[in-house]
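Report on the structure given below.
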Amino acid sequence: MTASRPLDRLRELCLALPEATERVSHGEPSWFVRKAPQFVSYADHHHDDSLCFWAAAPPGAQQDWISRDPERFFSPPYVGGRGWIGVRLDVGPGGAPSEEDWRDIEDIVEDAYRAVAPATLVARLDAAR
């Protein structure tokens, strides 16, 4: 991983997935499987004073992450009721994610992709791992 800014690192993770695309949605960079569905959305102080992203999640993952660290993980507005997870990017040493945090973020992004991608693309991802 070479990117240093949170948006750049998040973008790199998302676009590394098979047929992932990026476009602006609701004024923020967002990532989609092909043209749809969306699996991650960046939130740069969009709904509050936090720098974060929201990600689709498999059943139960939202509560699991929140129970681990409620300062970093949360149920985001609008999509939290559908199980999406919010991840703060401005919490941590020096107000930024640590390398360990980025490993968690990578897992969350991949799980988000897997939660919405068609089986053929998930199989392609598995074959590349």
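The values are calculated or read from the model by the stated rules, or taken from the named source; none is laboratory data. As the structure is a prediction and not an experimental result, all values here were calculated from the model. A quick note on method: Cβ atoms are made from the backbone with ideal geometry, for glycine too, and the neighbour counts reach across all protein chains shown.
Quick notes on this one:
- Annotation: of all residues in the range 63-73 being in contact (Cβ under 8 Å) with a residue 12 or more places away in the chain and part of a helix (DSSP H, G or I), the one that is nearest to I108 (Cα to Cα) is W65.
- Scanning the range 79-90 for residues that are in contact (Cβ under 8 Å) with a residue 40 or more places away in the chain and either among the charged types (D, E, K, R) or part of a loop (DSSP other than H, G, I, E, B) (or both) yields L89, D90.
- Screening P76, P97 for residues that are in a loop (DSSP other than H, G, I, E, B), in contact (Cβ under 8 Å) with a residue 60 or more places away in the chain and surrounded by 17 or more Cβ atoms within 10 Å (Cβ to Cβ) leaves exactly one candidate, P97.
- Extreme residue, surrounded by the fewest Cβ atoms within 10 Å (Cβ to Cβ), among residues of the range 119-129 that are within 18 Å of T21 (Cα to Cα) and not hydrophobic (A, V, I, L, M, F, W, C): T120
- Boolean, E106 is charged (D, E, K, R), at pLDDT 95 or above and closer than 17 Å to R5 by Cβ: yes
- Scanning the range 80-118 for residues that are over 23 Å from E22 (Cβ atoms) and out of contact with any Gly (no Cβ under 8 Å at 6 or more places or on another chain) turns up G81, V91, G92, P93, G94, G95, E99, E100.
- Checking T21 against (1) surrounded by 17 or more Cβ atoms within 10 Å (Cβ to Cβ); (2) assigned to a strand (DSSP E or B); (3) not charged (D, E, K, R), the condition it does not meet: (1)
- Lone unmet requirement of (1) surrounded by 15 or more Cβ atoms within 10 Å (Cβ to Cβ); (2) more than 30 Å from A123 (Cβ to Cβ); (3) modelled with pLDDT of 95 or more for A43: (3)
- Number of residues in the range 2-29 that are free of Cβ contacts under 8 Å to residues at least 24 places away in the same chain, of a type in the set (G, A, S) and closer than 26 Å to A127 by Cβ equals 2.
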